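Q: Got a structure for you, written out below as structure tokens; questions coming shortly.
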Amino acid sequence: MIRNLPGTARASSDLREKQVSEMSAATAGLLAGMALGFAAFFGGFWAFLLVMFLGLAGLVAGRMLQGDLKMSDFAGSRDRR
């Protein structure tokens, strides 16, 4: 009979949860490319541009919510020395 050491069951559960909840950059790129491809095929050029713009807006909003991006990153520096 195999016994888990104290704390190892929780650690393996946390690891499994982390693996399921995170998406790799390659998978995200694949999904974005497929969405843009469907928009271009079924909706034409303007639908392609709309989907691309909304995807970019969603990316920026998501990065801001995660704290990776701030509004000050878009503003230029006012200190000119």
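Q: Classify the range 39-80: rounded, prolate or oblate, from the alpha-carbon gyration tensor (a ≥ b ≥ c, eigenvalue square roots; a/c under 1.5 rounded; otherwise prolate if a/b is larger than b/c)?
A: Here the range 39-80 falls in the oblate category.
Q: When the Karplus curve 6.51 cos²θ - 1.76 cosθ + 1.60 is applied with θ = phi - 60°, which whole-Hz ³J(HN,Hα) does each residue of the range 22-33 get, with x for Gly and Pro?
A: Here the 3J(HN,Hα) series is 9, 10, 6, 5, 5, 5, 5, x, 4, 5, 5, x Hz.
Values quoted throughout were computed directly from the atomic coordinates according to the rules given, and no laboratory measurement underlies them. Remember, it's a predicted structure, so these values are computed and weren't measured experimentally.
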